[in-house]
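Have a look at the structure below before the remarks.
The values are calculated or read from the model by the stated rules, or taken from the named source; none is laboratory data. What you see is a predicted model, and the numbers here were worked out from it, not measured in a lab. Using ideal geometry, Cβ is built from the backbone for each residue, glycine included, and neighbour counts are taken over all protein chains shown.
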Amino acid sequence: MRPVAIKQTSADSLRITWDDNHVSSYMFKLLRDECPCAECKGETVLLHTYKPQALAQLPGHYELKSLQQVGSYAIQITWGDGHATGLYSWQYLRDLCRCSECDEKNKFQP
């Protein structure tokens, strides 16, 4: 599963068309709130889990400044507040899809 097109569709949303013809729409708020980096989600190092501290929302927190593909597996988003450490893998983005088709399919997964 790979994107065939990624497009900003409004001031606050992004659309990804996948190679299976599925189309996912993402609000920037969702993408920023679900940033997968260690600073935002925490991390586990040598069996010790570090929880992230709450970050202050600086101006531009939900503003997309740039988006770059990383290899053949992810995108990296630079947000208006300067945050740019999250790598959004194709699988992670597909899992974030909130369309009715994906919500229905995810109901039956453990």
Filter region 7-37 for residues that are loosely packed, with under 14 Cβ neighbours inside 10 Å and among the hydrophobic types (A, V, I, L, M, F, W, C); the one that is nearest to K65 (Cα to Cα) is A11
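Any residue that is outside any loop (DSSP other than H, G, I, E, B), in contact with a Gly (Cβ under 9 Å, 6 or more places away or on another chain), at negative phi and of a type in the set (K, R) - is there at least one of those in region 12-31?
Among the residues of region 12-31, not one is outside any loop (DSSP other than H, G, I, E, B), in contact with a Gly (Cβ under 9 Å, 6 or more places away or on another chain), at negative phi and of a type in the set (K, R), which makes the answer no.
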Taking the residues in region 54-84 that are surrounded by 15 or more Cβ atoms within 10 Å (Cβ to Cβ) and of a type in the set (S, T, N, Q) as candidates, determine which candidate is farthest from R2 (Cα to Cα). T78
Restricted to region 87-110 and to residues being modelled with pLDDT under 95 and assigned to a loop (DSSP other than H, G, I, E, B), the residue farthest from C35 (Cα to Cα) is F108
Select from region 7-23 the residues that are farther than 19 Å from Y73 by Cβ and in contact with a strand residue (DSSP E or B) (Cβ under 7 Å, 6 or more places away or on another chain) and list them in ascending order. K7, Q8, T9, D12, S13, R15, V23
